[in-house]
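What follows is a single structure, written as structure tokens, with notes after it.
Computed from the coordinates by the stated procedures, all read-outs in this text should not be read as laboratory data. Small disclaimer: the values here were computed from a predicted structure and weren't measured. So basically every Cβ, Gly included, is an ideal-geometry build from the backbone, and we count neighbours across all protein chains shown.
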Amino acid sequence: MKPAVLYPFIFLTGFFMNAKAQSIQEQMTKARPSCYDVFGNAVVVLPKLYRQQAFDSMHTAVQIWEDACGSSQQVRCTKLLLALQEGTFHVDSLDSDVIDLLENYALSFSFYKTNSAQYYGTEKAFYSLSSIWAKFLMQQKTLDDNEKFICAVFTGEITAPSKQIKNNAEKYPELGKQLQHNRDALRKGPRVNSAFILGIWMPKGDLTILGNHPSIGFQFGARDNHHQLDFTMQFRFIKSANTYFFKRNNLLYESSHYFGGYIGIDYTYYFVSKRQYDLGLLTGIGFDGFDVASGQHNQQQRPLSINSFNANGGIKYNWFVSPGFYLGLQGRYNLVNYCNSGATSLQGNAFSIDFIIGGNGKKP
């Protein structure tokens, strides 16, 4: 091949190789906008498109926003307002999360109005967009009661959507059905459980020498309509009712010290599970024990605790103030075996009665 022909060939080969290298360089170093960047652009672009009545372009913008941020609260609120704007909204097509969406928006918007100085410009722009847009919809569109209700949430006129729906079920029948469906689903479906426990521990037999002790604790776990499994931790305190002896290194020590507790796994089967209350059988196994002296005592008195396996059973009742909040009462009989060889007999079991303040929430 002649040199004159080779020169263009070499030039073109080098050009394409360089272009390829630049393409890889650009691909590896190009900046990708974050969700917050796209959110910031959305609250600038969408008002402009709204003023131009360019609703098709608004759909495109919202889709790009959703691709970057997922189905965030802000995206879903904007899509709902766009559906109201175009007349494509149908209350029957609302998904099960719409009540939660309105509830969360009302709560966050109310907080924003009283604490706006704590918000960045992007969040302020979003609340301005959604509230003004909803106000225009109420002024310029013929809306039914459900649509007016949703707009009133966005403008901040309605601050407690669930309560408003519950108190006006005849005015918002479709939303009322959705609210009740959500409440029933929360009561019957899989959910997390957390609770604060206040109680009293009442020993029997020789164990009564220790006296009754108040207890405080917590539990967390999961449940569905009939089954509940929890990790439970309770602490008991105040001095024993009488002095007792414990033996260490062939020496007897007298004490009235007491600090004990229970750590275990509890299972409840609810044989009655209604909308307002639960009634079930409770069983549990765990570690039980109490300290006979404080950690400041000398080494000769160690170990400073007397421990036992705890197997227990009883009955549990829950009253639901709301689908996510309940008050409970449980009583159980605890089988324990505190070994205190060569000293005061601690043979006996114990009753315990606990008052529970608990909450259920959707599984993440």
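Descriptive notes on the structure:
- The chymotrypsin sites (Phe, Trp or Tyr not before Pro) of region 77-170 meeting both criteria, a DSSP state outside H, G, I, E and B (loop) and at most 15 other C-beta atoms within 10 angstrom of the site's C-beta, are 119, 120.
- Rounded Å value of the spacing that divides the Cα centres of region 96-148 and region 155-224: 28
- 3J(HN,Hα) along region 231-241: 8, 10, 9, 10, 10, 10, 8, 6, 5, 5, 5 Hz, from the Karplus curve 6.51 cos²θ - 1.76 cosθ + 1.60 with θ = phi - 60°, whole Hz, x for Gly and Pro.
- Per residue, the average separation of C-alpha pairs within less than 8 Å and at least 6 apart gives the chain a relative contact order of 12 percent.
- The 3J(HN,Hα) values that the Karplus relation (6.51, -1.76, 1.60; θ = phi - 60°) gives for region 348-360 are, in residue order, x, 10, 8, 8, 9, 10, 10, 9, 10, 10, x, x, 10 Hz. Gly and Pro appear as x.
- Under-5 Å amide H pairs with residue 336, H placed in peptide plane, nonlocal only: 350
- A Förster distance of 56 Å, applied to the separation of the beta-carbon atoms of residue 184 and residue 128, puts the FRET efficiency at 0.95.
- Under 19 Å, Cα to Cα: Lys pairs in region 134-262, sequence gap 8 or more or different chains: 11
- Exposed trypsin sites (Lys or Arg not before Pro) absent: longest stretch of the chain, with sites in DSSP loops and at most 16 other Cβ within 10 Å deemed exposed: 31-140
- Of 318, 193, 250, the residue with the greatest mean-square motion in the GNM of the chain, using alpha carbon springs below 10 Å, is 250.
- Against the main long axis of the alpha-carbon atoms of the chain, helix 55-69 sits at an angle near 40°.
- Residues in region 147-177 reached by a label modelled at residue 114 [backbone nitrogen below 19 Å; 7 Å Cα→Cβ]: 153-164
- Over the residues of the chain, the helix contribution to mean residue ellipticity at 222 nm works out to -13000 deg cm²/dmol, using -39500 (n - 2.57) for each DSSP H run of at least 4.
- Put simply, the C-alpha atoms of the chain give a gyration tensor, and the ellipsoid matching it has half-axes of 62, 35, 18 Å, longest first.
- With R₀ fixed at 35 Å, the C-beta to C-beta distance from residue 275 to residue 200 puts the FRET efficiency at about 0.70.
- Potential lengthening of the chain between residue 347 and residue 294 amounts to 16.8 nm, from the contour at 0.36 nm per residue minus the alpha-carbon distance.
- Taking θ as phi - 60° and the Karplus parameters 6.51, -1.76 and 1.60, the scalar couplings of region 270-279 work out to 8, 7, 10, 9, 9, 4, 9, 8, 10, 9 Hz in sequence order, x denoting glycine and proline.
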